[in-house]
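The values are calculated or read from the model by the stated rules, or taken from the named source; none is laboratory data. Quantities reported herein were computed from a predicted structural model and do not represent experimental measurements. A quick note on method: Cβ atoms are made from the backbone with ideal geometry, for glycine too, and the neighbour counts reach across all protein chains shown.
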Amino acid sequence: MFQMCAASGCGRPTASKFSNYCAAHKSALRRHGHPDQKGVTKADLKPFREIVLEWIARNASNPAWGKLEARWKAVQAHAAGVVAAYEHGRASIAWDVLAAREALRLAALVEPREVLVTVAAMVVMQDTHPRRFRSDEAFRAQVVRRVRGLTEASATAYTDAATGKTRTTYSDMTPRATAVLGAWLIEAMGIAGAQIARKEREAREENASAVQELHADLDELA
Ligand SMILES: [Zn+2]
């Protein structure tokens, strides 16, 4: 029996009788966290990275950046614990282990500052264009996508900090593992983006009211 895709405005048949969505929307849900979510590209994020880099440069001696990087290090320690527990045969949640392995791979390949800038930039982007993200899960998936994108130019082989062994394989992240890793990243470093977004908004509002005052002054011209 023919069933229609549940995504709004989509008239295509569902991918299977077990799916609510057509093949395209099913794939977007899996890859991007929501059937209607469009992936955030490196180019999309660039202006927001620049905003964050400016704030960091202007406040280079502020201890906040180091503290935020320490929070990312704490995530890595947690991830190493999750992987170690799994490897010692303790009952583990599969997607937590997958998220933990990916966190360790990222930690081995990417400078903490780069991870911080990317997560903060994503939060500034969400604050500026809230409708660009279809759900919290879609936002988390995009954060993970952009942070994983930082390793594109790197070899996939890396040294596992916990065991000293070289690992070369990593499987694709599942949606659940992506949600876990995204939540870790945002919890550790999202606060920087939230604060920068707030200050940017305040500056825009101040600017707008200055222009309004100017208009009022010009209205008074006799
Ligand atoms: Zn569809």
(message) Residues that are touching a residue at least 24 places away in the same chain (Cβ under 8 Å) and assigned by TED's automatic domain parsing to the domain that holds G182: list the helices (runs of 4 or more DSSP H) wholly contained in segment 4-118 that include at least 3 such residues.
(response) 42-58, 64-87, 94-109
(request) Select from segment 7-39 the residues that are of a type in the set (A, V, I, L, M), farther than 17 Å from A179 by Cα and surrounded by 15 or more Cβ atoms within 10 Å (Cβ to Cβ) and write down the one among them that is nearest to the ligand (Cβ to nearest atom). (result) A7
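Could you please let me know if V83 is away from the ligand (no atom under 16 Å from the Cβ), of a type in the set (A, V, I, L, M, F, W, C) and under 21 Å from G149 (Cβ atoms)? Lay out the reasoning, then the answer.
Values: away from the ligand (no atom under 16 Å from the Cβ): yes; of a type in the set (A, V, I, L, M, F, W, C): yes; under 21 Å from G149 (Cβ atoms): no.
Answer is no for this residue.
Please find, within segment 88-144, the residue that is farthest from R204 (Cα to Cα) out of those that are acidic (D, E) and crowded, with 18+ Cβ neighbours inside 10 Å.
D96
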